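**Student:** For reference, the structure I am asking about is given below.
The values are calculated or read from the model by the stated rules, or taken from the named source; none is laboratory data. A quick note: this is a predicted structure, and the numbers were derived from the prediction, not measured. In this analysis, Cβ positions are derived from the backbone assuming ideal geometry, glycine residues included, and neighbour counts consider all displayed protein chains.
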Amino acid sequence: MIKAVFFDLDNTLYSFDKGTKLGNRAFGEYFEKNFGVPCEEAMNDWREMMNLEIERLGIHNAAYHSRIIRAKRCLMKRGLPQNPHARILGNLYWDTLLDNLEIEDGIEELLKALKKKGIFIGCGTNMTAEIQHEKIHRLGLEKYFDTIVCSDEAAEEKPFKGFFDYCLTMLDAKPEECVFVGDDIENDIYGSKNAGWNCAWYTKYPKPRNEKRAEELGVENRINNYRECLRDGKIYLGNLEI
């Protein structure tokens, strides 16, 4: 019996890919307007600094998520003043993304159905609590979630087992009584399976190697569109009936 369904946030409840492109563009336009650095060059700097931060820290680190730190590195590269521009640029990125959030088609109807059925609904997401809570607020979905667990609270990021174990402390359920829905084949699908959870892969935002990795993991439940989850008066997450 399934007691709880947890959802990832980015590229699961809304399109992070679209939002981050707009945020990156706003960053580049700021450089062009204030420093005379062409927008595309500034955006290339942004991507370069992101990759350098990954090399230095890895992706499962709070500093990797900080757009202020990334902006600071871009300013340092060009010998430009860090303050107040790092703060302004970090806020500009997130404000642009937040102002352009678009909820995934059919997700609200699915959340309503799960809530009506008495299923515990959680959000489990990497990144810092402040920005992730704000995203869910802007999406208008706060009322559906019984808990929101971010990696800074859990003190461990997906795909590590400790993150999923921490999520279980929010409710009275065993791993096999929970389902995790997400787009990231490693963080969400491998991570939850490794922690003993059921899982459903949201496939709208494909990435290289996803299919091969899905075969390796034996992924059984796929969601192409949330409207497919509600049919014949029942709730399905892939092939899994709730």
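**Student:** Select, from ALA42, ALA86, ALA113, the only residue that is farther than 24 Å from LYS158 by Cα, surrounded by 16 or more Cβ atoms within 10 Å (Cβ to Cβ) and touching a Gly at 6+ places or on another chain (Cβ under 7 Å).
**Tutor:** ALA42
**Student:** Here is a follow-up. Report every pair of residues separated by at least 6 positions or lying on different chains whose Cβ atoms are under 9 Å apart, first residue within region 159-185 and in the same structural domain as GLY196 (by TED's automatic domain parsing) and among the small types (Gly, Ala, Ser), second modelled with pLDDT of 95 or more and assigned to a loop (DSSP other than H, G, I, E, B).
**Tutor:** Listed by first residue and then by second, the contacts come to GLY162/ALA195; ALA173/ILE2; ALA173/LYS3; GLY182/ASP8; GLY182/LEU9; GLY182/ASN11; GLY182/THR12; GLY182/LYS158.
**Student:** Looking for something surrounded by 19 or more Cβ atoms within 10 Å (Cβ to Cβ) and more than 19 Å from TYR226 (Cα to Cα) - is there at least one such residue anywhere in region 12-23?
**Tutor:** Yes.
**Student:** Just the residues that are outside any loop (DSSP other than H, G, I, E, B), of a type outside the set (Gly, Ala, Ser) and under 22 Å from LEU110 (Cα atoms), please, taken from region 194-208. Lay out the reasoning, then the answer.
**Tutor:** From region 194-208, those outside any loop (DSSP other than H, G, I, E, B) are 194, 198-202; that's our starting set.
From what's left, of a type outside the set (Gly, Ala, Ser): 194, 198-199, 201-202.
Residues satisfying the conditions are ASN198, CYS199, TRP201, TYR202.
**Student:** Report whether or not LEU80 is closer than 30 Å to ASP105 by Cα, surrounded by fewer than 17 Cβ atoms within 10 Å (Cβ to Cβ) and outside the structural domain of ARG227 (by TED's automatic domain parsing).
**Tutor:** Judged against the criteria, LEU80 is not a match.
**Student:** Okay, moving on. Picking from ALA154, ALA195, which residue would you name as being surrounded by 18 or more Cβ atoms within 10 Å (Cβ to Cβ), touching a helix residue (DSSP H, G or I) at 6+ places or on another chain (Cβ under 6 Å) and modelled with pLDDT under 95?
**Tutor:** Selected residue: ALA154, the only one of ALA154, ALA195 that is surrounded by 18 or more Cβ atoms within 10 Å (Cβ to Cβ), touching a helix residue (DSSP H, G or I) at 6+ places or on another chain (Cβ under 6 Å) and modelled with pLDDT under 95.
**Student:** Residue pairs, Cβ under 7 Å, 6 or more apart or interchain, first in region 117-135 and in the same structural domain as ASP183 (by TED's automatic domain parsing), second part of a strand (DSSP E or B) and among the polar types (S, T, N, Q). List them.
**Tutor:** The qualifying pairs are GLY122/THR147; GLN132/THR125.
**Student:** What residue, among those in region 1-23 that are touching a Phe, Trp or Tyr at 6+ places or on another chain (Cβ under 7 Å) and assigned to a helix (DSSP H, G or I), is nearest to ALA86 (Cα to Cα)?
**Tutor:** Among those that are touching a Phe, Trp or Tyr at 6+ places or on another chain (Cβ under 7 Å) and assigned to a helix (DSSP H, G or I), it is GLY23.
**Student:** Restricting attention to region 73-91, which residues are over 17 Å from MET49 (Cα atoms) and in contact with a helix residue (DSSP H, G or I) (Cβ under 7 Å, 6 or more places away or on another chain)?
**Tutor:** Passing the criteria: none in range.
**Student:** Given the condition within 30 Å of LEU237 (Cβ to Cβ) and of a type in the set (Ser, Thr, Tyr), answer yes or no: does some residue in region 28-35 qualify? Let's see the steps before the verdict.
**Tutor:** Residues of region 28-35 within 30 Å of LEU237 (Cβ to Cβ): none.
No, region 28-35 has no match at all.
**Student:** Further, regarding this structure: Condition test on GLU41, is it at pLDDT 95 or above and assigned by TED's automatic domain parsing to the domain that holds LYS143?
**Tutor:** Taking the combined requirement at face value, the residue does not satisfy it.
**Student:** Name the residues in region 96-111 that are in contact with a helix residue (DSSP H, G or I) (Cβ under 8 Å, 6 or more places away or on another chain) and not in a loop (DSSP other than H, G, I, E, B), would you?
**Tutor:** Hits for region 96-111 are THR96, LEU97, LEU98, ILE103, ILE107, GLU108, GLU109, LEU110, LEU111.
**Student:** Let me ask something else about it. For region 212-242, give me each residue that is among the charged types (D, E, K, R) and within 17 Å of ASN11 (Cα to Cα).
**Tutor:** ARG222, ARG227
**Student:** Spot the failing condition for ASP146; the list is (1) within 12 Å of the chain's Cα centre (by Cα); (2) over 18 Å from GLU104 (Cα atoms), and only one is missed.
**Tutor:** (1)
**Student:** Right, another one. Within region 188-209, identify whether any single residue is without any contact (Cβ under 8 Å) to a residue 12 or more places away in the chain and within 18 Å of LEU13 (Cβ to Cβ), and answer yes or no.
**Tutor:** yes
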